[in-house]
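What follows is a single structure, written as structure tokens, with notes after it.
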């Protein structure tokens with residue numbers, strides 16, 4: 001693991017493989033670079049794969065601001081400079097996909113290909129409500145437990161994705177989630193889950209991140225000019241699907257893939273399917 005100071009924050013990173021091309025994998029909010037270990041290992045024979053912790057996450061430094069997708073995109077480009085990466089494939093999950101898209105908008109010549117996995121794009125999907133899609137049993141349990149413990153009003157909530165992460169973190173820290181844990185959901189089973197929950201609450205309580213997360217980013221009309229080969233992969237029934245459908249109409253060079261029987265965190269729960277789809281996308285010839 002190495003560290004680089006990027007835009008005033010010390011970011012933790014690591015690299016796998018020594019292929020002739022670069023692939024940068026960007027995790028979502030409340031996760032860390034370990035989220036992508038399966039995919040990084042699968043891609044390391046062909047690529048030099050770079051993983052890093054977003055500011056405030058994992059072993060990267062907590063900063064008072066810089067959490068908007070556009071600001072974190074600047075972190076990605078700054079890290080590329082620090083690691084002498086002239087151009088790369090960018091792949092991101094959830095908020096990490098929004099970051100990858102913003103980095104592409106800021107420096108399209110530096111992005112060879114783009115892959116977004118179940119990413120909500122604020123400018124295309126400004127609101128997300130609990131009942132936009134049928135609730136899973138896990139979501140129902142978290143909503144009920146957090147409403148009882150903390151008084152969350154889920155019927156009025158318009159930013160349910162961010163609020164869901166907050167609710168699950170609080171339940172984990174307070175020990176009220178024993179019946180809700182699994183290996184794929186935020187702060188579930190595994191070493192470091194409680195630490196990650198506490199870390200996420202620090203971001204929410206000690207920084208300007210909550211307001212910055214809602215900044216909308218690149219306008220849709222600018223997205224139409226991003227002629228970068230793009231893979232859009234979304235879970236069937238995902239609350240982020242409106243973003244995927246909008247991107248499929250806006251981006252001039254994309255294909256969308258819907259993964260059946262999966263939830264939002266499918267790069268972990270369905271890693272083999274993700275790795276196969278990403279590998280196939282990366283092997284496609286670039287249009288002349």
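The values are calculated or read from the model by the stated rules, or taken from the named source; none is laboratory data. None of these values were measured; they are calculated from a predicted model. Every residue, glycine among them, receives a Cβ derived from its backbone with ideal geometry; neighbour counts consider all protein chains shown.
Evaluated against (1) within 22 Å of the chain's Cα centre (by Cα); (2) within 19 Å of residue 240 (Cβ to Cβ), residue 188 falls short on exactly one condition, (2).
In the stretch 221-236 there is at least one residue that is modelled with pLDDT of 95 or more, over 20 Å from residue 123 (Cβ atoms), out of contact with any helix residue (DSSP H, G or I) (no Cβ under 7 Å at 6 or more places or on another chain) and assigned to a loop (DSSP other than H, G, I, E, B). Would you be able to say whether some residue in the stretch 116-126 is surrounded by fewer than 19 Cβ atoms within 10 Å (Cβ to Cβ), more than 21 Å from the chain's Cα centre (by Cα) and either modelled with pLDDT of 95 or more or on the phi < 0 side of the Ramachandran plot (or both)? Checked the stretch 116-126: no residue is surrounded by fewer than 19 Cβ atoms within 10 Å (Cβ to Cβ), more than 21 Å from the chain's Cα centre (by Cα) and either modelled with pLDDT of 95 or more or on the phi < 0 side of the Ramachandran plot (or both).
Condition test on residue 61, is it modelled with pLDDT under 95 and either part of a helix (DSSP H, G or I) or over 22 Å from residue 107 (Cα atoms) (or both)? No: the conditions fail for residue 61.
The single residue among 64, 20 that is surrounded by fewer than 16 Cβ atoms within 10 Å (Cβ to Cβ) and either free of Cβ contacts under 8 Å to residues at least 60 places away in the same chain or more than 28 Å from residue 216 (Cβ to Cβ) (or both) turns out to be 20. With 69, 34 as the choices, which residue is under 16 Å from the mean Cα position of the chain (by Cα) and modelled with pLDDT under 95? None of the others qualify; the one that does is 34. Within the stretch 192-208, the set of residues being at pLDDT 95 or above and either in a loop (DSSP other than H, G, I, E, B) or in the same structural domain as residue 257 (by TED's automatic domain parsing) (or both) comprises 207, 208. Screening residue 45 with (1) under 25 Å from residue 187 (Cα atoms); (2) assigned to a loop (DSSP other than H, G, I, E, B) gives one miss only, at (1). For the stretch 202-211, the criterion of being under 30 Å from residue 61 (Cβ atoms), surrounded by fewer than 21 Cβ atoms within 10 Å (Cβ to Cβ) and touching a helix residue (DSSP H, G or I) at 6+ places or on another chain (Cβ under 8 Å) is met by at least one residue.
Of all residues in the stretch 87-115, those that are surrounded by fewer than 21 Cβ atoms within 10 Å (Cβ to Cβ), out of contact with any helix residue (DSSP H, G or I) (no Cβ under 7 Å at 6 or more places or on another chain) and in a loop (DSSP other than H, G, I, E, B) total 0.
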